[in-house]
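Chemist: Below are the structure tokens for one structure; questions will follow.
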Amino acid sequence: MRDTFKMPDLTKIGLPPIKIWGYPILLFFCGITAYIISIYDPAFEPLFLALVFGMVAGNFQNGEKMKKISEKSLAVLLPLGITLYGLNINIPYLGEFRPEIVISTLLIASVMFVGIVWLSKLLKISRHLSLLLACGSGICGVSAIAIVSPLLRPKKEEFSAAIIIITAVGLTGAIIYPSIGHFTGISPDDYAIMAGATLHQTGLVKISSHFVGLEEEALAVKGIRIAMIALVALVLSILYSESRFYVPWYIVTFLAVALFATTYLPSQIVEMLRPVATVVFSMTLAAIGYSVDIRKVQRVGVKPLLISYAGWLFGLAVFAILLWGGVL
Amino acid sequence: MRIFTKFILILFLISVISLILGLSIVSVTGVSLSYITYVIIVILSVALFATGGILEPIEKMKEAFEKVVKGELETVEVLTGDEFKELASAFNWMVKELRRERDALKESEERFRSVVDKIDGWVFELNRDLRIIYTSPKVKDYLGYKEEEVLGRKINEILENFPADLIKDKEKFEFELVTKTKKVLPVEVTVSTSEDRYRCFVRSIEERKKIERELAFFRGILEHSIDAIVILDVDSRIVAWNRGAEIMFGYTAKEAIGKPINFLLPEDQWGQCRENFRKAVLEGNVKDIESIRYTKNGDTIIVEQTLTSIYDSTGELVGFVAIMRDITRRKKAEIELKNTCEELERRTREILQVQKELYHLASIVENSNDAIYSVDLEGKITSWNQTAEKMFGWSRDEAIGMDSSNLLPEEIKNETDFILSRLRDGDSDLRFETRRLTKNGDIIDVEIAISPLLDEVEGLRGFSVIARDISLKKESERNAERRMLRYEVERGRVYFTDNFDVAVGVINDLIKCGYDGRVISRRYPEVIGVREDGYLMMANRRKGITVEPDPAKIYREIVRMPGWKNAVLLDLDYLLVKYPFEEVYELLQKLKDLFFVLNKGILVAVSESGMLSERELKLLKMECGVIKSKRVDLPEEMYELLRFVYSKNRFGEKPSIKDIMSSFNITRNTAKKRVSYLVERGLIKMIKDGRMKVLEVTEDGREVMLLPDTV
């Protein structure tokens, strides 16, 4: 072997690794911090924040051993987080909406989904990343990515990159939508539909629709998209299962919890349990972020970001066509 | 797209997003910390991935370089289409080159390792401190140590007697290494020196040493063998010529090597030589070839040769070895032995033949009609056949060892001594008629033949006697002679007369009756009136048929006379002149014994010179018989004719007139007259036998032949 010179080991630069007992505390800290921040500003998705916190914590420590522990902890945290996150899913009653709104929302979400998949294939983006981006853009942002990721089994850096990208694109939309609403002069109802049908995350829909004061309407439209997670999760679990027609148990429990919380569980209890579910799922994302190398996340490049922007723009374009076409 | 362009575009993208976001915030929502935070997050995210897109190929290249450094030669795929792609292409080319180089090196290493592992030898390297820095796995086979046991240790710690000083000076040397198990192994060490190390190749030469010892052994055998050992190449040219060959053929090795083997052979054997080589190639060897060879000095020798093919390790014929042994002496000895054996066989056959003949003869002897016996020098009978038993009456058991004189009548008791003396004098064939005494006391006439029994060592050891009973024959002969003779004389007797005419008449009469007439006298034959063929002139000078007037010589002359129908006339007158009467008398006594014993015939001694006194005459007449004549009334010629016819009739013959004419040399008329004279007196008769007339004596004629004697 050649040993003419030695490369510097960058992984050895940073803080000393935490003790093993500090790891759950770290995760909980990340989760609870993210949740608290999201309470103050719904634009900051707690899952995104927990991931970022986990990444920061993991990349400034030389804890290879702890990273392995965090990877193993996902085997428990991820199904648990997904199952509990079902409490955050509020399956809407489609009869409350006008049919053209439901169809338009589904069409926009589908165009965004298909557009991103198509562009990813065109630009040779990995299939897992493209599906994560498509789910994140078309359904419900970071939470959709987190739910379908166990089904697709993407690389951690792809998963992390998808969450960051979807958050960045969503934030971009959240910043720009008021200006669009202001300069185009569309009606508040249409604005609410646009925000609910095209923005990625529930928090961002809430913030952007706050501009016109129709938060509930926008969130209701967004609920249509969120409800798609059940269908998409089922389809993807079947498509990517190792055996035919196999659906992982945590997807089943997730759907069951979502259904149960929407229908039978009292809303007070649901509201009480939702923080717990959010914190647990945030801890899961923090654990993922803890074990991922930010440089590997970085290496996915700018293409997925551009594709996500393009997908979002596709959605906006379809909405514009539908709006100006008189469908809405 | 070049990196520069990418940077421009990324910066442009970030700027546009920032501008749009900034304008959107300022124009619609106003400056809000939350929104600024949103913008920062967006810009950071865009910047993160934008820089990631730029840094990705750099990271890939870095990782690829790190892998190269670690030895993992993997290519890198960079599809950015910018300078990084070109760099990656160059890197990939470098990796391919390194791979090729590494594969070549690996192949070389594997080849080297394979060679080192498979080679029959131990390879090790020493540094300048003579520490082992590399060893091949064969160290286990050679020293019994594992590789890790020797690595890093000084060579003299492993091999105490390793000549470390030699590796600096010599490229090759030999020494005997001692293994872990204290086994001594002769090895050859080949040293190649580089800047900082000595690379040593140790090879066992145990087998080579063994082969060298064996070679020395075989060379010794080859050189000191008395056999000629010649090694030939495939063209039958001599390539090796040992000392034995030099001694055998006279050529030195220098003279012989390079020449074809044919130069030792006669040209007519070249074909056989080629055939031998062909057989050696086909069968591996040809043994016991006996052949002729020429030596340097031209001598011819016979050799026994073994021709063997020599093959190399691949089984290819490389030559022949001919081992030749000089068997000239042996062959000569064999030939002599063969001749001796043949001679022995011939003699054995002869002996067997002789033995067979002896058996045959013994059978003949045993079954002969003649009595056959043998007598030793002491006169003892040593053999006795059946006929002898019958003839003499003694059985074989009685006769063997018996004194042979028991067979002799009293008057011839000294016959045995006489025979022995005759045999000692050289006589080998004594035949005579004599008499023998039988067990019951009868005397029989026998005709005996004496043969000496000789021993190769001792000479005469006895004699054999073949005796035939001739009593009847003798009796009839005596009767016939008595009838036919005109004088009363008897065979085996010596007579004396003082009348020369009577003596001559007796002799002539005996001659006519079939005796061999012999005359020993000083008188001339024509004076005596006898034939010259039986005449011996008594004279001192030897000329023609003479005999010296010496009693001993005369005795010897008479003894040598053959047969037993001798009519001898001995004229004593000249002898009496030369010798005194006593010697003459003694001669007559000896002759009397001789004639009596050997029955040699009739001797008539005569003396009419008047030289003898009365006493001497009386002595002679007493010693010898007196001659009497028959009285016949017939003229002498008629009596002769009657006796002729009578003698012929005795043997069954009947003479004719013609026979008488030729026998008496007379004319037909004379013959007829004489025949008529006898026929008229009834003494003979003429009878017809076919067309011829023959004569036969009548009974009266026979009576005349038996007329009484007259004085």
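A short reminder: the numbers here are calculations on the coordinates, not readings from a lab. Since the structure is predicted, the reported quantities are computational estimates derived from the model, not experimental observations. Here the Cβ is made from the backbone with ideal geometry for all residues, glycine too, and neighbour counts use every protein chain on show.
Chemist: Using a basic spin-label model with each label point 7 Å from the Cα along Cα→Cβ, how many nm lie between B:L358 and B:S395?
Modeler: 2.7 nm
Chemist: Just the Cα atoms of segment B:583-624: what Rg and Dmax do they give in Å?
Modeler: Rg, Dmax (Cα atoms, Å): 11.0, 32.
Chemist: How would you classify segment B:457-508 from its alpha-carbon gyration tensor, with a ≥ b ≥ c the square roots of the eigenvalues: rounded for a/c under 1.5, else prolate if a/b is greater than b/c, otherwise oblate?
Modeler: Oblate shape, in that a/c is at least 1.5 and b/c is the bigger or equal ratio.
Chemist: Angle between the Cα long axis of helix A:156-184 and the longest principal axis of chain A, 0 to 90 degrees, nearest 10?
Modeler: Tilt relative to chain A: about 30 degrees.
Chemist: Each residue of segment A:87-94 in turn: what ³J(HN,Hα) in whole Hz from Karplus with 6.51, -1.76, 1.60 and θ = phi - 60°, glycine and Pro shown as x?
Modeler: Taking θ as phi minus 60°, the curve returns 5, 7, 8, 10, 6, x, 8, 5 Hz for segment A:87-94.
Chemist: Principal axis extents for segment A:264-328, Cα atoms only, whole Å, descending order, please.
Modeler: Reported extents, whole Å, longest axis first: 44, 44, 12.
Chemist: Related question: Dipole magnitude of chain A about its Cα centre, charges +1 at Lys/Arg Cβ and -1 at Asp/Glu Cβ only, in debye to the nearest 20?
Modeler: 1440 debye
Chemist: Scale the Cα Rg of segment B:324-385 by the rule-of-thumb value 2.2 N^0.38 Å and send over the ratio, two decimals.
Modeler: That ratio works out to 2.07.
Chemist: Would you grab the residues whose amide H sits under 5 Å from the one on B:S383? Only those 5+ places off in sequence or on another chain, please, with H modelled 1.01 Å from N.
Modeler: B:S374
Chemist: According to the square roots a ≥ b ≥ c of the eigenvalues of the Cα gyration tensor, what is the shape class of segment B:23-63, taking rounded for a/c under 1.5, prolate for a/b larger than b/c otherwise, and oblate for the remainder?
Modeler: Prolate shape, in that a/c is at least 1.5 and a/b is the bigger ratio.
Chemist: A further question follows. Just to compare against my own numbers: the Cα pair-distance distribution for segment B:206-265, 5 Å bins, whole % per bin, please.
Modeler: 5, 19, 24, 21, 15, 10, 5, 2, 0
Chemist: Additional query: Anything over 27 Å Cα to Cα? Flag those among B:K356/B:K600; B:K474/B:K578; B:K183/B:K210; A:K68/B:K60; A:K65/A:K156; B:K85/B:K106, in the order listed.
Modeler: Flagged as over cut-off: B:K356/B:K600; B:K474/B:K578; B:K85/B:K106.
Chemist: Dividing the Cα convex hull volume of chain B by residue count, how many Å³ per residue is that?
Modeler: 507 Å³
Chemist: Of all beta bridges DSSP finds with both residues in the protein assembly as shown, what is the antiparallel percent, to the nearest 5?
Modeler: Restricted to the protein assembly as shown, the bridges split so that about 80 percent are antiparallel.
Chemist: Tell me which residues come under 5 Å, amide H to amide H, from B:V568 once H is placed; ignore anything under 5 positions away on its chain.
Modeler: Result for B:V568 returns B:R518, B:I602, B:L603, B:V604.
Chemist: Starting from the Cα of B:L151, step 7 Å along the direction of its Cβ; do the same at A:V235; then give the gap between the two resulting points in nm.
Modeler: 6.2 nm
Chemist: With only alpha-carbon atoms in the gyration tensor, what are the semi-axes of the equivalent ellipsoid for the protein assembly as shown, in Å, largest first?
Modeler: 180, 36, 27
Chemist: For the charge dipole of segment A:24-324, defined by +1 on Lys and Arg C-beta atoms and -1 on Asp and Glu C-beta atoms about the Cα centroid, which residue among A:H128, A:A261, A:M112 has the Cα displaced farthest towards the positive pole?
Modeler: A:H128
Chemist: So, in nm, how far is label B:V318 from label B:Y555 when the simple model puts each one 7 Å beyond its Cα toward the Cβ?
Modeler: 10.0 nm
Chemist: Calculate the all-directions average of the projected area of segment B:583-711's alpha-carbon convex hull, and give it in nm².
Modeler: For segment B:583-711, the mean projected area of the Cα convex hull comes to 11.2 nm².
Chemist: Tell me, what ³J(HN,Hα) does each residue in segment B:343-357 have, in order and in whole Hz, if you take phi through Karplus 6.51 cos²θ - 1.76 cosθ + 1.60 with θ = phi - 60° and put x for Gly and Pro?
Modeler: Result, ordered by residue: 4, 4, 4, 4, 5, 4, 4, 5, 4, 4, 5, 4, 4, 4, 5 Hz.
Chemist: Report Rg/Rh for segment B:630-675, rounded to two decimals, where Rg is the Cα radius of gyration and Rh the Kirkwood radius.
Modeler: 0.97
Chemist: Another one. What translational D, rounded to a whole number of µm²/s, comes out for segment B:119-204 from Stokes-Einstein when the hydrodynamic radius is the Kirkwood one over Cα pairs, at 37 °C and 0.692 mPa s?
Modeler: 261 µm²/s
Chemist: Can you give the net charge of the other residues whose Cβ lies under 12 Å from the Cβ of B:D120, counting K and R as +1 and D and E as -1?
Modeler: With Lys, Arg at +1 and Asp, Glu at -1, the neighbours total -1.
Chemist: Any chance you could give the angle, 0 to 90 degrees and rounded to 10, that helix A:46-59 forms with the longest Cα principal axis of chain A?
Modeler: 20 degrees
Chemist: Output the pairs from B:K259/B:K287; B:K118/B:K287; A:K19/A:K303 with a Cα-Cα distance over 32 Å in this structure; if there are none, say none.
Modeler: B:K118/B:K287; A:K19/A:K303
Chemist: Regarding segment B:636-710, what's the average projected area of the Cα-atom convex hull, expressed in nm²?
Modeler: 5.1 nm²
Chemist: Which log10 I(q)/I(0) values does chain A give at q = 0.09, 0.10, 0.12 Å⁻¹ under the Debye formula, counting every alpha carbon as one identical point scatterer?
Modeler: Taking Cα atoms of chain A as identical point scatterers yields -0.46, -0.56, -0.80.
Chemist: Using every pair of alpha-carbon atoms in segment B:368-473, split the distances into 5 Å bins beginning at 0 and state the percent of pairs per bin, rounded to integers.
Modeler: 2, 13, 24, 28, 19, 9, 3, 1, 0
Chemist: In terms of the ratio Rg/(2.2 N^0.38 Å) built on C-alpha atoms, what value belongs to segment B:160-255?
Modeler: 1.68
Chemist: So, one more: Going by the alpha-carbon gyration tensor, a ≥ b ≥ c the square roots of its eigenvalues, is segment B:210-326 rounded (a/c under 1.5) or, if a/c is not under 1.5, prolate (a/b greater than b/c) versus oblate?
Modeler: In terms of gyration-tensor shape, oblate.
Chemist: So what is the diffusion coefficient of segment B:485-628 in µm² per second by Stokes-Einstein at 37 °C and 0.692 mPa s, using a Kirkwood Rh over Cα pairs?
Modeler: In µm²/s, the coefficient rounds to 222.
Chemist: If we restrict to alpha carbons, what Rg and Dmax does segment B:40-161 come to, in Å?
Modeler: Cα-based Rg and Dmax for segment B:40-161 come out at 24.9, 82 Å.
Chemist: Summing -39500 (n - 2.57) over the DSSP H runs of n ≥ 4 in chain A and dividing by its residue number, what mean residue ellipticity at 222 nm do you reach, to the nearest 500 deg cm²/dmol?
Modeler: -24500 deg cm²/dmol
Chemist: Taking the radius of gyration and the Kirkwood hydrodynamic radius from Cα positions alone, what is the Rg/Rh ratio for segment A:33-161, to two decimal places?
Modeler: 1.02
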